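Colleague: Have a look at this one.
Taken together, the values in this text are just the output of simple stated rules run on the coordinates, not laboratory data. All figures in this text were calculated on a predicted structure; none of them were measured in a lab. Positions of Cβ are backbone-derived with ideal geometry, glycine not excepted, and every protein chain shown enters the neighbour counts.
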Amino acid sequence: MAQVKQLMDNWLRHRNVLEELLKLIDDEHLSFKPWDGAFTLGELVLHVVQWNDVFVTLVKTGEFTTPVEMKCQTMEEIRKVVRQFTEKSKATYAKITDEDLEIERVFALSNFKAKGKTFLTMMYDHEIHHKGQLFVYTRMAGVKELPFFRDFK
Amino acid sequence: MKHHALQQYDYHVWANRKMFNRLNELPKDVYVKEIQSVFPSIAEVLVHMYVADNVWLGVIRGDSFEEISAAAGRSTEEVKGKCIEEIEKAYSELAEKYKTYLEEKENLDESISPEHPKFGRLNTRISELIQHVVNHGTYHRGNITAMLRQLGYAGPPTDYILYLYEQQGNI
């Protein structure tokens, strides 16, 4: 379990920053869309937490279910949804064993096959990459003081 | 089997190359144009990433804080205000330094304890620091893709899964 715990701790250090970032954003920016065809700010946040839960569930159970479309009307709602997904993903992550990391799983959307640990790396990379985009959204929305990209506490 | 840290570093180099390939396709002023974002321009992000990667290479090699500080200053001078071709060349040379060091290192899980005058001693492993270098790059490549969109251009896809697809010969 040592390997899984370290992976989860590293991921949570990034998720914590996402939650901190969301506290800085007001409701007026929820639908902020910096360019045509982009995710709105709210959609980008939901994309991260919903898909990363798909990855973690896939590694633990082998089940692949695409996320259900969600709509949030306020930042408070978004923060609540993020917290719920964090708790759900954390609970599933905590059940993953080092043996699960070696089991081959299938990402059904593209029939991509890889070991559980590869999907957890993908999930981690996905979280950080989109956070990089979200920081730009937040800065464009006028927030000047942004947290560091990783929680070092 | 290749150590996970080596594969991750290889992904980092691949993703940076994708980024440069895309930037090279765009008008020259895109790269230096000032915008309201997390950095004043894409060039500034690339300078920051280059300096940070140099700093971490020094940490991984066990250089002293003074040596690393001096190297940070030198690496800033190397790339600040330079054209994209020169920055790309500097990135390639740095990647070679990393690869040489990492391939010669027998134990990438070796424990190290770098000391920082403000933050104190950090007990970690070389592989952990490599992972940090890669994550730092992933975060800033995310910045750049969004900044490119701010400037009216699509960014390059650099997802880890695309790297894996390429490695498997699927694309």
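Colleague: What does the C-alpha gyration tensor say about the overall shape of the range B:79-125? Classify as rounded when a/c is under 1.5, otherwise prolate if a/b is larger than b/c, or oblate. Could the numbers behind the result be given before it?
Modeller: Numbers: a/c = 5.65, a/b = 1.53, b/c = 3.68.
It is oblate, given that a/c is not under 1.5 and a/b is not larger than b/c.
Colleague: Could I ask something else about it? To the nearest 10 degrees, how steep is helix B:84-104 against the longest Cα principal axis of chain B, on a 0 to 90 scale?
Modeller: Value to nearest ten degrees: 30.
Colleague: For chain B, just say rounded, prolate or oblate: build the C-alpha gyration tensor, square-root its eigenvalues into a ≥ b ≥ c, call rounded for a/c under 1.5, and beyond that prolate if a/b exceeds b/c, oblate if not.
Modeller: oblate
Colleague: Which FRET efficiency, nearest 0.05, do A:PHE64 and B:HIS132 yield, Cβ-Cβ r, R0 41 Å?
Modeller: Working: r = 30 Å, r/R0 = 0.73.
E(calc), rounded to 0.05, equals 0.85.
Colleague: How many Cβ atoms of partner chains, on average, are near each residue of B:158-165 if near means within 10 Å of its Cβ?
Modeller: Working: counts 2, 4, 9, 10, 0, 2, 5, 2.
Mean number of neighbouring Cβ atoms from other chains: 4.
Colleague: Let me ask another. So which trypsin sites (Lys or Arg not before Pro) in the range B:8-40 end up in coil per DSSP with only 16 or fewer other C-beta atoms within 10 Å? Don't jump to the answer; show the numbers that get you there.
Modeller: Values: sites: B:ARG17, B:LYS18, B:ARG22, B:LYS28, B:LYS33; in loops: B:LYS33.
Loop-located and lightly packed - B:LYS33.
Colleague: What does the highest-first list of B:158-170, A:69-81, A:113-125 look like by mean Cβ count within 10 Å?
Modeller: Values: B:158-170: 15.7, A:69-81: 14.2, A:113-125: 20.8.
Highest-to-lowest ranking by the protection proxy: A:113-125, B:158-170, A:69-81.
Colleague: Follow-up. Determine the shielding of peptide A:34-42 by partner chains: average, over its residues, the number of Cβ atoms on other chains within 10 angstrom of each Cβ. Display every interim value, and only then the final one.
Modeller: Values: counts 5, 8, 2, 2, 2, 0, 0, 0, 0.
Counting other chains' Cβ atoms within 10 Å and averaging over A:34-42 gives 2.
Colleague: For the peptides A:130-138, B:147-155, what is the packing order when you average, over each peptide's residues, the other Cβ atoms within 10 Å and list the highest mean first? Can you show the working numbers first?
Modeller: Details: A:130-138: 24.2, B:147-155: 18.3.
Top of the packing list down: A:130-138, B:147-155.
Colleague: As I understand it, the value is the acute angle between the Cα axis of helix B:42-61 and the longest principal axis of the Cα atoms of chain B; what does it come to in degrees, rounded to 10?
Modeller: 10 degrees
Colleague: With springs only between Cα atoms under 10 Å, which of A:VAL17, A:VAL68, A:VAL49 fluctuates most in a Gaussian network model of chain A?
Modeller: Highest fluctuation among the options: A:VAL68.
Colleague: Where the centroid of each part is defined by its Cα atoms, how far is the range A:8-56 from the range A:109-140 in Å?
Modeller: The range A:8-56 and the range A:109-140 have Cα centres spaced 11 Å from each other.
Colleague: What's the average, rounded to a whole number, of partner chain beta-carbon atoms within 10 Å of each residue's beta-carbon in A:136-144? Numbers along the way, then the final one.
Modeller: Details: counts 14, 5, 1, 9, 7, 0, 1, 0, 1.
Taking all residues of A:136-144 together, the mean is 4.
Colleague: As a test of the formula, what do you get for chain B when each DSSP H run with n ≥ 4 contributes -39,500 (n - 2.57) and the sum is divided by the residue count, at 222 nm and rounded to the nearest 500 deg cm²/dmol? Display every interim value, and only then the final one.
Modeller: Details: 7 runs with 116 residues, N = 171.
Computed ellipticity for chain B at 222 nm equals -22500 deg cm²/dmol.
Colleague: Relative contact order of chain A: what whole-number percent is it, with Cα pairs under 8 angstrom and at least 6 residues apart? Write down the numbers at each step before the final one.
Modeller: Values: 172 pairs, mean separation 54.5, N = 153.
Computed over chain A, the figure is 36 percent.
Colleague: Can you give the Rg to Rh ratio of chain A, both from alpha-carbon atoms, with Rh computed by the Kirkwood formula? Walk me through the intermediate numbers first.
Modeller: On the way: Rg = 15.7 Å, Rh = 16.0 Å.
Rg/Rh: 0.98.
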